[in-house]
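First the structure, in the form of structure tokens, and then the observations on it.
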Amino acid sequence: LGHGSGGRLMAELIDDVIARELGTHGPLEDAALLDGTDLVVSTDGFVVTPRFFPGGDIGSLAVHGTVNDLAMRGARPIALTLAFVVEEGLPIEELRQVTRSAAKAAQDAGVPIVTGDTKVVGRGAADGLYVTTTGIGVRLPRARPSAAAGVVGDVVLLSGPIGAHGTAILSAREDLGFEAEIVSDSRPLHRLVAAMVEAGGRDVHVLRDPTRGGLASALNELAEASRVAVEVVEDDVPVPPAVAAACELLGLDPFHVANEGCLVAFVAPDSAPAVLAAMRARPEGAQARVVGRVLDGPAGRVTARTTIGSTRIVDMLIGEQLPRIC
Amino acid sequence: MARLVERIEVHGTVQGVGFRPHVHRLAAELGIDGDVRNEDGRVVITASGDSADLREFRRLVRERSPAVARVERVEVSALPPSAAPPPGFVVRESRAGTAAGPRSVPPDLATCPACVAELFDPADRRYRYPFVNCTDCGPRATIVDALPYDRVRTSMRGFPLCAACAAEYHDPSDRRFHAEPIACPDCGPVLSWGALTGEDALHAAVTVIADGGLVALKGIGGYQLVCDAADETAVLRLREVKRRPRKAFAVMVPDVDHVHRLSFADETSALSSAAAPIVLLPRRPDAGLAASVAPGLAELGLFLPHSPLHHLLLAALARPLVVTSGNRSGEPIVIADVDALATLGPLVDGVLTHDRPIRSRYDDSVVRGRAVLRRARGLAPEPLPLPTPVRGPVLAVGAQLKHTTALAVGDRVFLGPHTGDLADAATFTAFEETAAALARTQGVAPEYVAHDLHPGYLSTRHARHWPAERRIAVQHHHAHVAATAAEHGVRDRFIGVAYDGLGYGDDGTLWGGEVLLATYRGYRRVGRVGTAPLPGGESAVRHPARMALGYLYGAEDFGTHLDRCSDAPRARVGELLERIGAREAEVVRRMVARGVHSPVASSVGRLFDAVAALLGLCDDATYEGEAAVLLEAAAHGQPDTGPALAWRLHRRDGLWVYDPVPTLRDVATATDPPAVVAARFHAAVAQATRALVEQAADASGLHTVCLGGGVFQNRRLTDAVVRDLDDAGFEVHVGQRVPVNDGGISYGQAAIAAARLEG
Ligand SMILES: [Fe+3]
Ligand SMILES: [Mg+2]
Ligand SMILES: [Zn+2]
Ligand SMILES: [Zn+2]
């Protein structure tokens, strides 16, 4: 199984095995709307190494991740559950720290953790600590975002710079000795989404937080689900200089690197300026900008216009990044 | 005497090359009655005469065929006396038949001497007309819409013949009899430059180039960018607008005399052939071109004017010109006039264009020695042989860079022109168009798709849209050596040596220095080169200096680890580390030690990169293969009989492995100057190759060797390997008509797919 980095192999694993056995279909969404209600549910497991990294830890990440998945369906999160799988031998102090961090993240997000579960397994049966969170949210009155709702002409908005989370984790894990410390962008996005929906209502067609597999995978999934093409302008996608330098050295494409604190939105052109202004009015959207357009091209095709004016195909990541140069 | 009646079918490249007039002349000579016509891809003759005359007729049809025709097969069947034609011999209109079977699109042909003479003859009615051509020359594949090849199915459809041209076209004794693209100033295409036309347009372009400007020119297979090759400022500006920092530019010269002034060329037949490719030739040190035309290289890519427009331009300027494809690096060559104006227009001082549309994109072909490095204008899409006839049409979608597409039908493969890097959206579109055009001209719908194993190639992703039972996955290096074998008609099992940059191995790791025991159906890996990590994957490919660190910190360990020879004088390693900087080197070291984004590869191409970096020739590559190109150039002029650097063969996991660490250690420590080390390095790789092949031969009893992969574009290495193996009694083949680089992959895929479909 080489499916760890998200992207194409992961998508195929979910399609071919999980979705097939469960008999579910329809576009892959971050969270599910419960039939006949405005309730939204999402669940997510967290297995990050290292558990503590610049800008967060597995506890805060587990809260932000689920809060954001709810937000991407236009929901206001109202409650979280928190479950631990602990490997025997994990220092109690570490478990305490992670729990404290999760509690603080939930409090900052204004979402209570209402129930939870803890299991301890033998040495070697888990890698230290796994955290699972489930979230319940209520859909905002005028929010109808869906991965499949993008239409030709939509403006593609990005709430902030990309690439920080994945490079921060990697350099912390491997102790690569980069000059500048890179800090994860992990943070809750539900208030940003509320502001966007307030400004744009149903014109906010698509919301997605580009986590594993990065912006490239998110755009590919969205283009596929909405049966449209997407073109972004490479120079308009902000990549912090320290992240860009680390990516160049590591041979990573920033478009493929995971994020935990930004979102991409497809918004009808008429509402895009208002939505963008609303985003910029919030700290987590201060650097929001237009990065591209939804086009009437081959369904699922994502391209980037480059600095030199050519257009490259932005594919999903295939497992680890394998060179294609002969 | 009884007159017999026969139906004669001639297969091969027989359309668009003056074949029917040729048949007509022979019939007239020998008193044969009957007719000749194009049908689908072949020429069909009804001939009546006595048996001796008919035999002679058949012989001459085959043997005295026009220079650019290629007769592959002649089929004869007797017809009943009732089918006897009336006296006389006629050339009939083509018929679009329904017969299945491959058809050939004729390649474009350089302007013939007769047409050049007319072009510069003030008394001729086509004096200085930029679109003069005849049955022996002119555009073909680039203007064809569909077959059979007739004017109505070309982009000349929009130019009705004037009375004078029509008379030539219909006169069997005329050089222009059925020359489909013929034209004259009264009825044909017109040159333009903004609002200027004809001579004024040409004059404007000439003036701009003479004054050191840049011009976009509509060539045969696409737009080209042109400037004075002796004007350093102009050439640097061209590099800037093309985003091409160092890769050599081709130079077009007015005549063969100029070829000799610029290069040491023993023979110029390829240059003056009908294909008129770019030919790489050893440059004279005193060539007097701008320094940035081919920086650091020992060769120049030269070619001669191949269209009347080029002849007029070169005659007016009487000097070498840089003539390069009209595109920015990585994008396909521009063929549409609107695109040229929009994308090239702003980059240049003017666009010299005309109103004959280009239907298919053909970059200039490139030839080095006997090997075709890029098979495009003048060469493609001439069909190539297939060892096993294919059960149903197969579309072979190639690799990723230097991309080509091939279509296998019957016992032939139609290899499309080279389009570039598929990651570029325009190139990807060009790939889809080429695939569609190949199928359309052959009148078939592909039933199977052959593709590379690499899951990340966009060609593979394209193939995934096909149902699984119609997909044939082909290992990259198997395709490389199968391409060479198929081109040379190898039938039995052979030893394949595939040396290239990187390809996806059947074990999920990256390969690039492989010895295979192969048939078209399958292969067994029996040898390889030692592995090294690529710190940062593609980043290591773009930065040969990092690749050198990859070997330094992580070369496969056979007990001679490079990093452990720290007590030896490692002057070149020290210099390398100094250039890279301690900080970056430390990050790379940690990446290798922890296996972070550092896939390992058994690649000869990467070994060349590392050596070039160690010798200070290339730390960062601006184009694919740059480090290897510079390394070969550095060795230029060195005797190839000097002592080789050290190398060793080991046995590991059932494979013979060339361990390059002793070689690299010699590179790092040898006190010889870089040129000598470069030459001795080539010799070491050649010797190690021979040793690997001998082991494979011992194990298998085989003695046919097929070389493939981009590393064999290196002439010094290829010559040495071929000579060594030849001396050892092997029968050695290397790609000639088919590029050894990834441009040949689609052809290899087609050959393998055909064999696998046999069951
Ligand atoms: Fe290759
Ligand atoms: Mg080019
Ligand atoms: Zn001619
Ligand atoms: Zn005319």
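Shape call for region B:449-529 from the C-alpha gyration tensor, a ≥ b ≥ c root eigenvalues: rounded (a/c under 1.5), prolate (a/b greater than b/c) or oblate?
oblate
Using heavy-atom solvent-accessible surface (probe 1.4 Å) with all chains present, what is the largest-first order of B:551, B:623, A:130? Spell out each step's value before the answer.
Numbers: B:551 5, B:623 40, A:130 80 Å².
From most exposed to least exposed: A:130, B:623, B:551.
Quick one: grab the alpha carbon gyration tensor of region B:319-359, order the square roots of its eigenvalues as a ≥ b ≥ c, and give me rounded if a/c is under 1.5, else prolate or oblate depending on whether a/b is larger than b/c.
Cα axes put region B:319-359 in the rounded bin.
Could you compute how fast chain B diffuses translationally, taking Rh as the Kirkwood radius over C-alpha pairs and applying Stokes-Einstein at 10 °C with viscosity 1.306 mPa s? Give it in µm² per second.
58 µm²/s
Give me the extension gain from residue B:50 to residue B:391: residue separation times 0.36 nm, minus the current Cα-Cα distance, reported in nm with one decimal.
118.7 nm
From the phi of every residue in region B:124-134, what ³J(HN,Hα) in whole Hz does the Karplus formula 6.51 cos²θ - 1.76 cosθ + 1.60 yield, where θ is phi - 60° and glycine or proline is x?
Values per residue, Gly and Pro as x: 7, 6, 9, 3, 6, 8, x, 10, 5, 6, 8 Hz.
Could you derive backbone 3J(HN,Hα) for region B:210-222 from the dihedral phi with the Karplus parameters 6.51, -1.76 and 1.60 (θ = phi - 60°), listing whole Hz in sequence and x where the residue is Gly or Pro?
Going residue by residue, I get 4, 8, x, x, 10, 10, 9, 10, 7, x, 6, x, x Hz, with x marking Gly and Pro.
Arrange the residues B:218, B:402, B:247 by how much accessible surface each exposes, largest first, with a 1.4 angstrom probe.
B:247, B:402, B:218
For residue B:354, which sequence-distant residues (separation of 5 or more, or a different chain) have an amide H within less than 5 Å of its own amide H, given hydrogens modelled in the peptide plane?
Counting only residues 5 or more places away or on other chains, the set is B:192.
Counting Lys and Arg as +1 and Asp and Glu as -1, each charge on the Cβ, what is the dipole of region B:4-91 about the Cα centre in debye, to the nearest 20?
280 debye
Based only on Cα atoms, what mean projected area does the convex hull of region B:530-702 have, in nm²?
For the Cα atoms of region B:530-702, the hull's average projected area reads 10.3 nm².
List, largest first, the extents of the alpha carbons of region A:160-281 along their principal axes, each in whole Å.
46, 30, 22
For labels at residue B:318 and residue A:280 in the simple 7 Å Cα→Cβ model, what's the distance in nm?
Between residue B:318 and residue A:280, the simple spin-label model gives 6.2 nm.
Averaged per residue, what accessible surface does chain B expose to a 1.4 Å probe, in Å²?
Here the residues of chain B average 35 Å² of exposed surface.
Can you give the net charge of the other residues whose Cβ lies under 14 Å from the Cβ of residue B:116, counting K and R as +1 and D and E as -1?
Net charge around residue B:116: -2.
When ligands, DNA and RNA are left out and all protein chains stay put, how many square angstrom of accessible area per residue does region A:37-161 have with a 1.4 Å probe?
Here the per-residue accessible area is 41 Å².
Applying a 10 Å radius around every beta-carbon, put B:608-617, B:537-546, B:379-388, B:114-123 in order of their mean neighbour count, most first. Walk me through the numbers on the way to the answer.
Numbers: B:608-617: 26.7, B:537-546: 25.2, B:379-388: 22.7, B:114-123: 14.2.
Packing proxy ranking, top to bottom: B:608-617, B:537-546, B:379-388, B:114-123.
Taking R0 as 56 Å, what's the FRET efficiency between residue B:521 and residue B:594 from their Cβ-Cβ distance, rounded to 0.05?
0.85
Does anyone have the angle between helix B:232-242 and the longest principal axis of chain B? Alpha-carbon axes, 0 to 90°, nearest 10?
90 degrees
Give me the net charge for the shell around residue B:199: Cβ to Cβ below 15 angstrom, other residues only, Lys and Arg +1, Asp and Glu -1.
With Lys, Arg at +1 and Asp, Glu at -1, the neighbours total +1.
Compute the distance in nm between two label points, each set 7 Å from the Cα along the Cα-to-Cβ direction, one at residue B:83 and one at residue A:125.
8.5 nm
Under the rule of at least 5 residues apart or a separate chain, name every residue whose amide H is placed under 5 Å from the amide H of residue B:735.
For residue B:735, whose amide H was placed from the backbone, the distant partners under 5 Å are B:707.
Using a Förster distance of 60 angstrom, determine the FRET efficiency expected from the C-beta separation of residue B:127 and residue B:266, and round it to 0.05.
0.95
Cα convex hull of the protein assembly as shown: mean projected area in nm², to one decimal?
Working: hull surface 193.9 nm².
Across all orientations, the protein assembly as shown yields a mean hull projection of 48.5 nm².
What is the angle, in °, between the Cα long axis of helix B:425-442 and the longest principal axis of the Cα atoms in chain B? Nearest 10 is fine, range 0 to 90.
40 degrees
Could you pull the Cα extents of chain A along its three principal axes, largest to smallest, in whole Å?
Each principal axis gives a Cα extent; for chain A these are 55, 53, 42 Å.
Work out the charge dipole of chain A with +1 on the Cβ of Lys and Arg and -1 on the Cβ of Asp and Glu about the Cα centre, then indicate which of A:166, A:273, A:111 is farthest towards its positive end.
Positive-most Cα among the choices belongs to A:273.
With only Lys, Arg, Asp and Glu charged, each at its Cβ (+1 for the first two, -1 for the last two), find how big the charge dipole of the protein assembly as shown is about the Cα centre; round to the nearest 20 debye.
Here the size comes out at about 860 debye.
Using only protein heavy atoms and a 1.4 Å probe, how much accessible area in total is buried between A and B, to the nearest 100 Å²?
Counting both chains, the buried surface is close to 3500 Å².
On a C-alpha basis, how far is the centre of region B:108-143 from the centre of region B:312-387 in Å? Whole number, if you could?
Centre-to-centre distance over Cα atoms comes out at 18 Å.
Rounded to whole Hz and in sequence order, give me ³J(HN,Hα) for region B:200-207 from the Karplus expression 6.51 cos²θ - 1.76 cosθ + 1.60, θ = phi - 60°, writing x for Gly and Pro.
Those phi angles translate into 5, 5, 4, 4, 4, 5, 4, 4 Hz.
Can you tell me the 0 to 90 degree angle between the C-alpha axis of helix B:604-614 and the longest principal axis of chain B, rounded to 10?
Roughly 60 degrees, rounded to the nearest 10.
Can you give the convex hull volume of the alpha carbon atoms of region B:145-266 per residue, in Å³?
Here the figure is 197 Å³ per residue.
For region A:52-83 and region A:151-220, compute the distance between their C-alpha centroids and round to whole Å.
Distance between centres, Cα-based: 14 Å.
Provide the three semi-axes, in whole Å and in decreasing order, of the ellipsoid equivalent to region B:242-361 as defined by the square roots of 5 times the Cα gyration tensor eigenvalues.
Taking √(5λ) for each eigenvalue gives 26, 18, 13 Å, largest first.
At a 1.4 Å probe, what is the % contribution of carbon and sulfur to the accessible area of the protein assembly as shown? Provide the component values of the computation, followed by the final result.
Details: 20520 of 39520 Å².
Result for the protein assembly as shown: 52 percent of the exposed heavy-atom area is carbon or sulfur.
For residue B:586 and residue B:736, FRET efficiency with R0 = 30 Å and r from the beta-carbon atoms, rounded to 0.05? Could the numbers behind the result be given before it?
Details: r = 47 Å, r/R0 = 1.56.
Once rounded, the FRET efficiency stands at 0.05.
Label points 7 Å out from Cα along the Cβ direction at residue B:492 and residue A:144: separation in nm?
7.3 nm
Loop only by DSSP, 14 or fewer other Cβ within 10 Å of the Cβ. Give me the chymotrypsin sites (Phe, Trp or Tyr not before Pro) in region B:194-269 that pass, ordered by residue number.
Counting only loop positions with at most 14 other Cβ atoms within 10 Å, the chymotrypsin sites (Phe, Trp or Tyr not before Pro) in region B:194-269 are B:264.
Taking the Cβ of residue B:520 as the center, what net charge do the other residues with Cβ under 12 Å away carry, scoring Lys and Arg +1 and Asp and Glu -1?
It works out to a net charge of +2.
The values are calculated or read from the model by the stated rules, or taken from the named source; none is laboratory data. It should be emphasised that the depicted structure is a prediction, and the values quoted were computed from it without experimental measurement. Virtual Cβ from ideal backbone geometry, glycine too; neighbours counted across all protein chains shown. Accessible surface areas use protein heavy atoms only, side chains included; no ligands, DNA or RNA. Shrake-Rupley method; radii C 1.70, N 1.55, O 1.52, S 1.80 Å.
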